[in-house]
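Here the structure comes first, spelled out in structure tokens, and everything after it is commentary.
The values are calculated or read from the model by the stated rules, or taken from the named source; none is laboratory data. As the structure is a prediction and not an experimental result, all values here were calculated from the model. Glycine gets a Cβ as well: all are built from the backbone with ideal geometry, and neighbour counts include every protein chain shown.
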Amino acid sequence: GTEAGGARCGFAGLRRLAWGKRFRPVYLSGQVPLDSTGALVGPDDLGAQSRQAFANVARLIRAARGVPGDLVQLTVYVAAYDTSAVGAIRSAAEPYFEPTVPPALTIVGIGAFPEPGMRVVVSGIAVLHGQLPDRTRDHGP
């Protein structure tokens, strides 16, 4: 079976598929730097927006009964990309992952997002281990 969650603009924020009882994949669509009220966090501030986007990713993974350490792949789209973006993104992601087993990370520079002032969007794939989250691997705020 399948389950969708976090619907926004007709698309799911995550997609969970039944894949046996031991491992369950979760596919996260682009998580944007909006706070719980729907307001853009830190217009044009890549660091603040990256922190919010990764917090949103962590919230969704936890809602799917996983932990951020279950993420195996992340794609980060950055508007107005320059080489300083790598440091801001890694700094924002770092609290959520074991340093020895981080997810695969791809950073893609793009021209712009439809929302003025938005600089970053994060999508990813997680593989949840078992039916309940392994809280010993749960890092981050």
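Data for the structure
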| read-out | value |
| --- | --- |
| Number of the exception - Leu71 against (1) out of contact with any Phe, Trp or Tyr (no Cβ under 9 Å at 6 or more places or on another chain); (2) more than 23 Å from Asp45 (Cα to Cα) | (1) |
| Any hit, segment 71-81, residues being farther than 23 Å from Pro25 by Cα, touching a Pro at 6+ places or on another chain (Cβ under 8 Å) and either assigned to a helix (DSSP H, G or I) or not basic (Lys, Arg) (or both) | no |
| Candidates Ala48, Ala18, Ala53, filtered to the one that is surrounded by fewer than 19 Cβ atoms within 10 Å (Cβ to Cβ), modelled with pLDDT of 90 or more and of a type in the set (A, V, I, L, M) | Ala48 |
| Residues of segment 83-131 classified as without any contact (Cβ under 8 Å) to a residue 24 or more places away in the chain and charged (D, E, K, R), total | 2 |
